[in-house]
Amino acid sequence: MNLKRRDFVPIAAAGLFASYAGVESWRKNARRLPGTSAVAIVKAAAYSDDLASRMLEGIRACGLDVKGQRVLLKPNLVEFDSATCINTDVSVVAAAYEVFKSLGASEVLIGEGPGHRRDTYAIAEMARYRGELSGFDDLFVDLNRDDVSPVEGFADRGRIYLPNTALRADLIVSLAKMKTHHWAGTTLSMKNYFGLVPGSVYGWPKNELHLVGIPTSIVELTRLFPRSFAIVDGIVGMEGNGPIQGTPKPVGVLVMGRDLPAVDATCCRIMGIDPGKIEYLQMADDQNLGHVDESRVEQRGEPIAAVRTNFQLIPAFHSLRLA
């Protein structure tokens, strides 16, 4: 079944208020993943650095092969404020496009569905994507308004409608921003997938995901898109009252890997946050979606201790601090 936007009938209101599927429902049938997951930490002091070379270093360290694949780059493009650093920097997106084309991907597109701004192209212009990404109009897809198809099984909902561009990709690259989040604790490669949920179907700021529950929705989207790779922009992150009203935090790293929970757990440790206290990471670990325990994450490149940069946390999250 393939739906055009004009054919879409909104989900019945009764379905919007189903009960939240809590942490215990994920723990019930949990089993442990074997092995370890590679996560690369690569230093990049500034956006003017040779980011393509840094990315290649991390991608090769993780053993990723994209030859002949259709790749969707999914940046974090949320809101715009020239005084801070809300979005994945355009230089990171440009470098990723160059790298994945050079590695033999058959197609590389860039797609985002912002949760706040309804005019995706306007925010892309403000964030300099349109002006600095060559061929932007041919490469960029507004995932909020893309044609959609149903996918069965999303938390306690029967189905979810997702953009066809994302569904047909062989690999989605989560080009996330390293940020704190005033509800989830952190927003990294997994939370970045909220931008894969179409606002034209579910509203702004992706209301259905909030009704289901933010941690549950993060985990479910990670489960639905297993063919993923993460490149987290930690060159300048955001601390404090993220993901929009925080303050810039220079860290000088790119964090990469195929196991999104492992990447996010590594980012937490870099930020001085205990990933064991982030609800969605524990849910993902219990649901066998990736590795969170440090003993199961094979760090490549820089050691965490060499780049650890404690992020300021809002008072509600002081208990997340890593010892």
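Restricting the search to segment 156-170, which residues are open to solvent by 40 Å² or more (accessible area, probe 1.4 Å), under 25 Å from Asn207 (Cβ atoms) and not in a strand (DSSP E or B)?
The answer is Asp156, Leu167.
Output the residues belonging to segment 281-298 that are surrounded by fewer than 17 Cβ atoms within 10 Å (Cβ to Cβ) and polar (S, T, N, Q).
Across segment 281-298, the qualifying residues are Asn288, Ser295.
Out of Arg118, Arg145, I need the residue that is open to solvent by 20 Å² or more (accessible area, probe 1.4 Å), of a type outside the set (Asp, Glu) and at pLDDT below 95. Which one? Spell out how you get there, then give the answer.
On the way: Arg145 fails: at pLDDT below 95.
Answer to the check: Arg118.
Going by what's in this entry, would Gly153 be described as surrounded by fewer than 24 Cβ atoms within 10 Å (Cβ to Cβ), at positive phi and part of a loop (DSSP other than H, G, I, E, B)? Spell out how you get there, then give the answer.
Values: surrounded by fewer than 24 Cβ atoms within 10 Å (Cβ to Cβ): yes; at positive phi: yes; part of a loop (DSSP other than H, G, I, E, B): no.
It is false that Gly153 is surrounded by fewer than 24 Cβ atoms within 10 Å (Cβ to Cβ), at positive phi and part of a loop (DSSP other than H, G, I, E, B).
Name every residue in segment 267-280 that is surrounded by fewer than 23 Cβ atoms within 10 Å (Cβ to Cβ), in contact with an Asp or Glu (Cβ under 9 Å, 6 or more places away or on another chain) and under 17 Å from Ile41 (Cα atoms), in order of residue number.
Arg269
Among the residues of segment 85-100, is there at least one that is surrounded by fewer than 20 Cβ atoms within 10 Å (Cβ to Cβ), modelled with pLDDT of 95 or more and over 18 Å from Asp49 (Cα atoms)?
No: segment 85-100 contains no residue that is surrounded by fewer than 20 Cβ atoms within 10 Å (Cβ to Cβ), modelled with pLDDT of 95 or more and over 18 Å from Asp49 (Cα atoms).
Taking the stated definitions as given, is Phe194 at pLDDT 95 or above and assigned to a helix (DSSP H, G or I)?
Values: at pLDDT 95 or above: yes; assigned to a helix (DSSP H, G or I): yes.
Judged against the criteria, Phe194 is a match.
Does segment 219-235 contain at least one residue that is open to solvent by 10 Å² or more (accessible area, probe 1.4 Å), more than 13 Å from the chain's Cα centre (by Cα) and under 27 Å from Thr84 (Cβ atoms)?
Checked segment 219-235: no residue is open to solvent by 10 Å² or more (accessible area, probe 1.4 Å), more than 13 Å from the chain's Cα centre (by Cα) and under 27 Å from Thr84 (Cβ atoms).
Mind telling me which of the residues Thr187, Thr222, Thr216 ends up being closer than 15 Å to Leu77 by Cβ and of a type in the set (S, T, N, Q)?
Numbers: Thr222 fails: closer than 15 Å to Leu77 by Cβ; Thr216 fails: closer than 15 Å to Leu77 by Cβ.
None of the other options fit; the residue is Thr187.
Read through the list (1) crowded, with 18+ Cβ neighbours inside 10 Å; (2) out of contact with any Gly (no Cβ under 6 Å at 6 or more places or on another chain), then give the number of the only condition that Cys62 fails.
That leaves (2) as the condition not met.
Could you look through segment 22-51, keep only residues that are in a helix (DSSP H, G or I), at pLDDT below 60 and not β-branched (Val, Ile, Thr), and pick out the one that is least open to solvent (accessible area, probe 1.4 Å)?
Trp26
Return the only residue of Ser174, Ser189 being within 16 Å of Pro226 (Cα to Cα), of a type outside the set (A, V, I, L, M, F, W, C) and either part of a strand (DSSP E or B) or touching a Pro at 6+ places or on another chain (Cβ under 6 Å) (or both).
Numbers: Ser189 fails: either part of a strand (DSSP E or B) or touching a Pro at 6+ places or on another chain (Cβ under 6 Å) (or both).
Just one listed residue meets the conditions, Ser174.
Determine, yes or no, whether Thr120 is in contact with a strand residue (DSSP E or B) (Cβ under 7 Å, 6 or more places away or on another chain), of a type outside the set (D, E, K, R) and farther than 24 Å from Ala40 by Cβ.
Yes: the conditions hold for Thr120.
Can we say Asp264 is under 12 Å from the mean Cα position of the chain (by Cα) and among the charged types (D, E, K, R)?
Answer is yes for this residue.
Looking only at segment 198-208, which residues are within 21 Å of Thr180 (Cα to Cα) and open to solvent by less than 20 Å² (accessible area, probe 1.4 Å)?
Residue satisfying the conditions is Lys206 alone.
If you check Met55 against the conditions, is it open to solvent by 40 Å² or more (accessible area, probe 1.4 Å), among the aliphatic types (A, V, I, L, M), under 20 Å from Lys177 (Cβ atoms) and at pLDDT 95 or above?
No; evaluated as a whole, the condition is false for this residue.
The values are calculated or read from the model by the stated rules, or taken from the named source; none is laboratory data. Owing to the predicted nature of the structure, the values given are computational and were not obtained by experimental measurement. Note: ideal-geometry Cβ built from the backbone for every residue, glycine included; neighbour counts use all protein chains shown. With ligands, DNA and RNA removed, areas are computed over all heavy atoms of the protein, side chains included. Shrake-Rupley method; radii C 1.70, N 1.55, O 1.52, S 1.80 Å.
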